[in-house]
Each structure stands twice: as C-alpha cells, then as structure tokens.
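One structure is given below, encoded as structure tokens.
The numbers here are math on the coordinates, done by the rules we state, and not lab data. Everything numeric here is computed off the predicted structure, so don't read it as measured data. Don't worry about glycine lacking a Cβ; one is built from the backbone with ideal geometry, like all the others, and counts go over all protein chains shown.
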Amino acid sequence: MKEPEAYKDQWIQSRARLSSQPYYATTQGGPKYLLNLEVPSGYRHDIRIVIWEHPPSWLPYTETSPNLVSLFGSDDEECKKMCHLFSQGEEVFFEGFLKYSAEIFWINVERILIAHPSIAIGPREIIGALHCPRIYYLEYIKNTTDNILRRPVKQISRGNVVHSICEHLTLSGEIVHLSEMGGRERTGRLREIVENETNTTFRMSSALHLLADDTLESVQKDAYFHLKDLTQETEVADFFRGRNVVTERMVNQLYGFSGVLDFLIDGSVPVELKTSSQLHEEHLIQLKVYLLVSYLDSGNRMGHLMYSKCVESRSSGECRHIHPVELTEEDIDAILYGRHRVLLMRRGMQLPSPQNMDCEECRYRRPSPYSLQKMYPACSFYCQTERYWDCYLYDEHGQITALCPLFDDCELKFSYFDTEIIDHWNKMRKAISAENEELTLLARQLRNLPEETLRMGGQKVSNLKLMTRSDQVCIFSSDEALPCLDCIPGDRVSISTEDGKNTYSGTLAGIGLNEVQVLFGGSPSEEFFGSPRYALSRDYSEKAIMRYLLRVSDYTERNRQEMRLSSGSRGKILETRALKEYDPVAVAKDLFRSKLVAIHSPSQTSDVERCVEILGHLSEKFSVLVVLRNRSEIEEFVQRYPRTHDLLIIDREEDFPPKPRVCEIGENNSPRDIQEKISLSRVIITDIGFLQRSHFFEALSHPERSYYFDYVCATGAEQFFEPMFYYIKNLGYSTLLIGDAFRMSYPVRSREARSLGLEERPFERLVLYDSYFESNDYAVYHEPFRRLPGSVVRAFEKIDSEISSERIDGNLTYIDVKGHERSVFRVDCLYQICMGDERMNYQMVIEPDRVLDAATIETLLENLTKHSISNYGPGSSFQVGECSCRVVQIDPLGSANASDPKENVSVVIRIPISLSETLQELLYSNEEEAEEVIALLKAMSPDEQKETAVITPFISQASLLKKRLYMAGIGCVSVWLPFQISGRSFRSCIISLVSANAERVIRYPLTDPGVLYTMFTSAEENLIVVGDRETIGQSRLIAEIISENRSPDEI
C-alpha cells in the first residue's frame, strides 16, 4: 500500500473474493456499481469495490474506464456474460483508491478489475480472442500442433538459435564487444558462436535435421545473417550497455497472466526479441500483456520490441532494431477485455465462422509447412469435422457461389471424411472437455473449505521452505510429512509466497516424504526467492494430461494416422477366449506378422523383464523404440539387456552427463555423434514422461521410411488413454504393449467423461473383448500371478473376473477395526441467477438427491431462470433429469435496485459429501484405522518394514497415514493410492479401507472393481486388510475375501 500525492488516502492492490454480485446504487455520491468483498476473519467493517459512472471530484481520476462501466451496465450480450464472471464467491484482483467512510472501506476502482486471477492466461490466447476466434478455437479448444511442432523446421530452428545466442551475448556483455569488432573478426566470431550453439544447446534439434537429410548448414547460415545484422551496428549494444539484464524471466501470475520474458531490463522493463522481417500486431499485443504485468508490479509502462533485422517503425517510418512501446490506458482496457473474453470462450465454444475475417496471412489456411508432418490444413480440416459444410451455394445457373472467404483455395472443399471416425474423435474431445469442467466444478466446491481440510485432501500445502534452487528446478520442504497430493508428476501446480505477492506456475517433478520438486518454465523473480515460506496448490484451470490428450488427438487425426485396431474383418466369434499363454518366442513371431501384440502381465512379473526377453527373439536388423514408465525402469532395462552397446537412452534434450555410458548421449557429443548413435542403435529407450513433454520422436524421420521404428514396445499399457494409445501405436510399424489390464489407471472423475468412453482404455478392451475375435492384425497373451491368497482368487472368480495364480498360498489377515469415517459433511456451490422480475434479493438453498456434474448444474440453473422465486417454497422439489432437487430454504436478503434486477437470487447448491464420488475419494479418513496401521508397522522388524507398503484409496487417509508415519519415525514405509502403483508389487501390504458408518454404506472408490483388484493383488506374500466388517462386508467381493479371516497372531 502506498499514498499517491494526488490522493490523501491509501492506494491498494489485492486479491479478494466477492460476497455479492455487482449491483447498482445511486445514493451517497452518485450512480455507481458496487461489489461487496468477503471480510477477513477478525474484521468487522464492510469492504466494497466502487465503480463510479462519474467519479467525484475528490478522487484523483476524472473518468472511470468506459470498458469497466459497460462491463456491468451494458445491454450487450457479451458484456452480460462477462458480468457473470464477477459472481458471488468468485475471486478478483483489483487496484484502487481506498477511503474509509460510514464504517465501510470503499475501494474506488478506475480501471484494473480482473476476474478469476487464479487462472493464468498467456498472450497467445488473448491475441486469438481479440483477432480471430477461429484461431483461438484451433489453438486452444482443438490444440492443433502446427504451433507446437518445432523441429526440424528451418525457420523455427533459426528463431530458437538466435534467441538463445542473444540471451548469452547480452548476459555476458559480449554483444558490446562484437559491435566494436572489425567486419572480418566479427564474422569469424559469429560463425563460431552459431556453430557452437547448434552443436551444444540445440544438438538434439540439429541431429534431427541430419537424420532427415535436411541440411543443417542452411539453418546455421540463416542464424548467422540475423546475428550479423543485429551486431554490425551499435544500436543494440548501446541499448544493453551498462544495464542489468535478466533472461527467461517468468511473469508474476498474481494478476492472472502467464508467459516468459525474453529479457527484463533493470528489474522492470520487458524486451521481446523477434526474428521476423516486419512488425506485426501480434508482437505488440504480446509485449503489452507483459507490460501490463510490469505496470501492476512496478508502475512501469515502457517496453521494447527488438528485431534481429532492421524493421520499419509504424510511427516514424524509420528502420530500427529497437522499437519502444508504451502501454496506454486503451491498451489496458483491450487486454483486460481480451482476457475476460478468453474466460468466456474456454467453455462450450463452437467453431466460429470465417466470415469477415482477414485470412490472407493465416498459417492455418494452408498445409503445414513442416517437412516431416504433412497434415491437412487445420482451418479446412476442422470445417469438415465440425460439419461446417454450408461454405458454398449453387445459383440458378448451377454455378457455385462462394460464401467462405477461403473457398477458392480450400484444398478440402470437395473432400469426404469417414464420419464414423470424425464422430469418434469428437466424442473423445467432448469427454476430455467434460473432465476439465469437472475439475473447475471441484475447485468451486473446495474453495470455502478450511485450510487443514484442503491440506489433507491433497489440494494445498502451506509453510514450505525453499531448500534447493538450480536453474529452473526448485526443491521445497516441509517441517512435517507432506500430504498425499491430488496430482502426479507432470501435473501443473501453483507456488506462491507467504505474503501472496508473487505466484508462479510450475510442473510437479517429484514428491518425497517431506520434499517436493517443482520445474519452472523460466526464472521466477528474486523477490519470489526471498520469501521465508511458500504455499503449493493444485492448478485447477486444467489437467495437464487432458491438454496433452487434445494435442495427440489432433496429431493423430489430422496427420492421417491409423486409429483402428483392425483394418480387416475380425473373423468368426470363437467359443472360448483367444487369450494365448505367454511364450516369448510366439510373441516375437506374432509381433513380426501382426500390427499389435498385447501381453496381460500381472504386477508380480516385471514388465521390463518381459520386454527384454521378447526383444531377444526379434531379428537384430529391426529398430525398436522402448517406452518405459519412468527412469527406474530405464535403469532396470539397461541392467537386464545383454548387449548394452545396442542401446541408446533418449530421455532428455539437455543436461547430458559429462561422462556418459556407452548407451547415453554425453555433454561432449556433437550432432553428428548423436546422429550416428541413433542410426547405429538397435534399441532406443525413453520414458512416457519424456514422450509427453517433448516432440522429439514425432520429428524423428528416415528419408526412405514411413515410420522410423519397426517396433514400439511400451510398458504400463493400462495407463494409456485412447489418444495416447494411438499416438504410441503410430510411432512404428508394429506395437507391443505390456501391462496389467485390470489395474486402476489415472482416475477419470467426470461421470460424463466415463460414459463417453474416456475411462475404458484400449488395452483393457483388447484383453477383455477383442480377444474373442480371430484377427491377423493383433494377438493377445496373458500369464498368471506367481502367488496369491486363495480367498482373493476365489473371490474374483465368483464375480466372473479373469484371475489366476501359479501358487495359492499367500497369507491374508483381516483386522476388524471399529472406527468411524470422518469428513466435512457437505460442500456448497454458489451461483447467481435471475428468477422473474421481483424487486427483492433472495438466497435459495437446494439439496440434490444425487451427485451433480457440471453439465447437470448448468441445466438446473437454466431451468430455474424460466420460473419465478414465488413458484418455490421451502420443502418443495423439482426434477433435473434423473436428479430430484429439494428446496431447503429461501431467505430474502434485501431490496434489489429497481433499475437493475439482473440477478436477484443467490443459488446455493448444497452437495453432501456422501453423494459425490470425487469428494468421497478426497475427503474421507479414519483415525482408528490409521492408529491400527501404525501399531502393525511398529510390531515389525526394520527389515520387514522396508518390504511393506500401505495402500488406501482415500487421499485424506493417505495424508493422515503419511503424517502418522512421520511422527512415529517410520520413514521406510511408503503410502500409495491405487492409481500410483502401476507396475509395482510388494512383499507385504497393509490395506486401509476407511469406510465405516452406521448406514453401512460402501464409499467410492471401494465400489470400483479396478481399485479393489489393484489393492488386493499388490502383495506377493502377506496381505493385511484393516476395516470395519459391518460396513465393508456390504461389498460382495470384499466380504468373500475377508470371510477366511485369520488371527492377528499369525501376521
């Protein structure tokens, strides 16, 4: 907080949550719009945001932003939708002048009022929303890969090289020395720098060029000429001379924006480098987005666009490298409008029409320029898939009259696509969208819960300390055990400082007992690193895996890759299952003649061992890509494979070891060395994480082959969503998938997404269904467990599940614990709607009789707006589909303004925890069971503890167990959720089932057969089940397993 000279009271920036929808008032100073804020605990005064139509004379500004006023007062349909972004319970960021009067704090906002600042939105989204909604649709909704694939395209490779070299030159100060050199000396030095950069930082990209027979010299030559233009004059050197320069600085996401600056000068001035030959409007908007963040951080309004070639200035007409750009009030209004427009467009957007759009220079109207990816033009392709077929009409003479501005040069205007395939991918995208909407709904449900509840549910962790800081990876630690986070490595998380002034988004890289690793996409500010404590929370805007599935869907479909399991007739239906007993020789033969071979292998057998065994029976003349779960499986593969010199590990594009093994790429390897290693290596090994974050294998190409690899072998196949399945399958001619088809995979929490088939994985379908049919295109093998308790085998047999074991002699012990499950009772979701034209504000509390997903809630609210509040009374009910909703209470809140009755009802949807599968999974725990688990572990010897794992399907219970283990000093026992143990088994397992209640109701996820299968088949010798018999006995499967209960003395 500070005091501007023009104003005697305080000026404030902050985030806050709204306690009311916007409303109109004319008393106390004139017409204005008001938004009430939630008051922090311990404060008695009301706090309100004020947007004046005509600011009073005592304020330091004479006019409120017209865009801000129209946001709440316009009759425009888009403004009305944007106004809904500022509903009760939503978070806002604001900047204004604070005045205390009549026991109320009034925050007078001139311009800066930002909805949903926790959702970080980048410049590219804002540019698309402002300029071309169709581009936004292609890039964000469909996640087209044209703007993502980076190699080996000459123009983009050149841009990356020039950016990297400029950053090194400015940081080291060498750019000044280069500008002072003579022409010949500078030429030699620049050629040396370019060659060194392509041989080191960009060695993997350079190797891709060489493997594709795409000349690397042309990229080096192009980069050289850009750098020559940049350094032959002193303009750029003089600009950076003597200034404090930082590169790759992440913008503070406190205000709802994201991005990484090329350069930050003197702590506040952003500079963006471009290799384009002309100044584009997109460049200006990108810089102005970063300038807005700089302005909110420090008050700075000036930034610079730097071009590697001299570009003509729009204002003066002069050709320069450095172009100053100032952020105006109009720019701020446009950026905030664009950001709010993005928030509206993210959900339920349909393909916009290209009418009245300037498509001349658009990259999406033409075939992909990428030499290795001959895709359909994105714009024309999605016209076909979205049924946008009214692009032309016939006139009375039978001539075609073009309606679409792209019609004349559209390559697909007379093309016909398989509608079955189109509809299949659209259904898959709808499922992915439904899953992301479920996450948004979950954030709304959880946001008002106590912080300790959020911690136990794996949503937020506070009081973290920064332990290690290296480049872009930071390690944060806690003084106590970390809870079981509701995310996996690869998911997005937010890290904020203790005072809340700095927030950055990163990728969760690793989780330990009391440490967490976060990978940042750039460098956070020094102020961020000066904080004594930090808070980590889930990034609710989207699941990273779902965004990735959209990308690979586009890649597979638009790149015309094969998606069907079988291209021919499946043949006759067999009387018995076609699953074959595992035999490595037979598998190798089938892999040679079939496109796909699947092995259903239980977790007690190493998938890596099976993979190595099968590769030993394949001809050595074939190339193989092996995709493993993680780095530990890579090391296991290297240890098991008999000829290490045949192997090459590719799981990174930087940070190579200085002394590599024969199967690794080293820090001193040149692109030619890497090209040779890849060409000569029979087996290339990677992990699924690298495959998801890199595009290396998409661009890996052989000039004489359709696919680079003959075979692709992948472990952990039960984890593959359908888009990922086809993506991996299309990396080679034939595919081998190994995994346990019945084990639980990454959870899909949206019922709509599950009903659309997102949860049903292709690997599971192969093992369960497709093996009933004869086919030459694929073969399915299976093998039994090595050892399982007899009661587990018999229980699964009684529910017609495929399970077998070589030995029936594992130990099973059941311990009856008379505990009780605990959780918050309910969560509230708050919405604002209009019901009739009553001049009174109301609060309506509704309680459904079953779980509501995002789509059902939207339908419920839409139905309510068709009626008046007088049609309902306490105790009344109404139907929404199959759901019956009871009105618990209706309370008048006060008079509404007669001239502005837009939203007169606050609808509180009160959802009992017991109705929501997701909330049950997150929030239920059982103290008594946790105590019993700790007692069991204390009774074991240290060696026995090291071979024991604890499994529970409830996240809060896992957090509670981790806390108790840490307090008991037991650090060698890990706690797992079922979806986390893909490919793992343990000598001994303790299962905590949590469900215990007087109603004897089994909680989700104990109703999921995949969860039960995963837990009860994870122990190789000793299985201990802890739970309340009266409750868990309601499950037929669990009751059968624990019916042969043994005394705890036999543990």
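Once you have the Kirkwood Rh of region 561-783 from its Cα pairs, apply Stokes-Einstein at 20 °C and 1.002 mPa s and quote D in µm²/s.
D, rounded to a whole number, is 117 µm²/s.
Could you work out the percent of alpha carbon pairs in region 755-901 separated by over 21 Å, rounded to a whole number?
69
Just rank PHE592, PHE240, PHE690, fewest to most, by other beta-carbon atoms within 10 angstrom.
PHE592, PHE690, PHE240
With a cut-off of 8 Å between alpha carbons and a minimum separation of six or more residues, what is the relative contact order of the chain in percent?
It rounds to 10 percent for the chain.
Please list the three semi-axes, largest first and in whole Å, of the ellipsoid equivalent to region 826-914, using sqrt of 5 times the eigenvalues of its alpha carbon gyration tensor.
Semi-axes from the Cα gyration tensor: 22, 13, 12 Å.
Which whole-Hz couplings ³J(HN,Hα) result when phi for each residue of region 825-832 is put into the Karplus expression 6.51 cos²θ - 1.76 cosθ + 1.60, θ = phi - 60°, listed in order with x for Gly and Pro?
Calculated HN-Hα couplings, in order: 7, 7, 10, 10, 10, 10, 9, 10 Hz.
Report the relative contact order of region 826-914, percent, no decimals, based on alpha-carbon pairs under 8 angstrom and at least 6 residues apart.
With pairs under 8 Å counted, the relative contact order is 56 percent.
Enumerate by residue number the GluC sites (Glu not before Pro) in region 625-727 meeting two conditions: DSSP loop (anything except H, G, I, E, B), and at most 11 other Cβ atoms within 10 Å of the site's Cβ.
Qualifying residues, ordered by number: GLU654, GLU704.
Within region 47-133, list the chymotrypsin sites (Phe, Trp or Tyr not before Pro) lying in a DSSP loop whose Cβ has at most 12 other Cβ atoms in a 10 Å radius.
Answer in residue order: TRP58.
Work out from phi, with θ = phi - 60° and the Karplus expression 6.51 cos²θ - 1.76 cosθ + 1.60, the ³J(HN,Hα) of each residue of region 662-673, listed in order in whole Hz, and give x for Gly and Pro.
Once rounded to whole Hz, the list reads 5, 9, 10, 8, x, 4, 9, 6, 8, x, 5, 4.
Bin width 10 Å, alpha-carbon pairs only: give the P(r) of region 150-242 as whole percents, running from 0 to the bin holding the largest distance.
The percentages, shortest bin first, are 17, 50, 25, 7, 0.
Pull out the extension gain between LEU861 and LYS427, defined as 0.36 nm times the separation in residues minus the alpha carbon to alpha carbon distance; nm, one decimal.
Length gained between LEU861 and LYS427: 153.8 nm.
Non-local amide H neighbours of LYS274 (under 5 Å, H modeled in plane, Pro and chain starts lacking H): which ones?
Distant-sequence amide H within range of LYS274: MET306, TYR307, SER308.
Using 0.36 nm per residue of separation minus the Cα-Cα distance, give me the extension gain between THR1007 and GLU797 in nm, one decimal.
Taking THR1007 through GLU797 to full extension adds about 73.9 nm, to one decimal.
So if I take the centroid of the Cα atoms in region 671-750 and the same for region 212-240, what is the distance between those two points in Å?
Centre-to-centre distance over Cα atoms comes out at 35 Å.
I need the semi-axes of the equivalent ellipsoid of region 699-738: take the C-alpha gyration tensor, multiply each eigenvalue by 5, square-root it, list largest first in whole angstrom.
Calculated on Cα positions only, the semi-axes equal 21, 10, 7 Å.
For HIS280, HIS45, HIS397, HIS340, what ranking results if the residue with the fewest other Cβ atoms within 10 Å of its Cβ goes first?
Sorted ascending by nearby Cβ count, the order is HIS397, HIS45, HIS280, HIS340.
Collect residues whose amide H, placed 1.01 Å from N in the peptide plane, falls under 5 Å from the amide H of SER805; neighbours closer than 5 in sequence don't count.
PHE785
What percent does the relative contact order of region 448-543 come to when contacts are Cα pairs within less than 8 Å and at least six residues apart?
The normalised contact order for region 448-543 reaches 34 percent.
In cubic angstrom, how much convex hull volume per residue do the alpha carbon atoms of the chain span?
208
Among THR328, THR27, which comes first, then next, by fewest other beta-carbon atoms within 10 Å?
THR27, THR328
So, in nm, how far is label ASN244 from label GLU944 when the simple model puts each one 7 Å beyond its Cα toward the Cβ?
6.0
Hey, rough spin-label estimate for ASP418 and GLU396, points 7 angstrom out along Cα→Cβ, what's it come to in nanometres?
A separation of 4.4 nm, rounded to one decimal place.
For every helix of n ≥ 4 consecutive DSSP H residues, a contribution of -39,500 (n - 2.57) applies; sum these over the chain, divide by its total residues, and give [θ] at 222 nm rounded to the nearest 500 deg cm²/dmol.
-9500 deg cm²/dmol
Residue-wise, which Karplus ³J(HN,Hα) couplings in Hz belong to region 456-467, taking 6.51 cos²θ - 1.76 cosθ + 1.60, θ = phi - 60°, and x for glycine or proline?
With coefficients 6.51, -1.76 and 1.60, one gets 5, x, x, 9, 8, 10, 10, 6, 8, 10, 7, 9 Hz.
For region 243-397, what are Rg and Dmax over the alpha carbons, in angstrom?
For region 243-397, the Cα-based Rg and Dmax read 19.7, 70 Å.
Loop-only check: which GluC sites (Glu not before Pro) in region 386-493 are DSSP coil with at most 15 other Cβ within 10 angstrom?
In loop regions of region 386-493 (DSSP not H, G, I, E or B), the sparsely surrounded GluC sites (Glu not before Pro) are GLU386, GLU396, GLU411, GLU480.
Two-decimal Rg/Rh of region 11-115 from alpha-carbon positions, Kirkwood Rh?
Radius of gyration relative to Kirkwood radius: 0.93.
So how strong a dipole does region 826-914 carry about its Cα centre when Lys and Arg Cβ are +1 and Asp and Glu Cβ are -1, to the nearest 20 debye?
In total the dipole reaches around 160 debye.
Apply 1/(1 + (r/R0)^6) to the Cβ-Cβ distance of CYS319 and ILE104, taking R0 = 51 Å, and write down the FRET efficiency to the nearest 0.05.
Here the calculated transfer efficiency is 0.35.
Can you compute the modelled spin-label distance between GLU78 and LEU344, with each label point 7 Å from Cα toward Cβ, in nm?
0.6
Taking Cα atoms of region 448-543, Rg/Rh with Kirkwood Rh, to two decimals?
Taking Rg over the Kirkwood Rh, I get 0.92.
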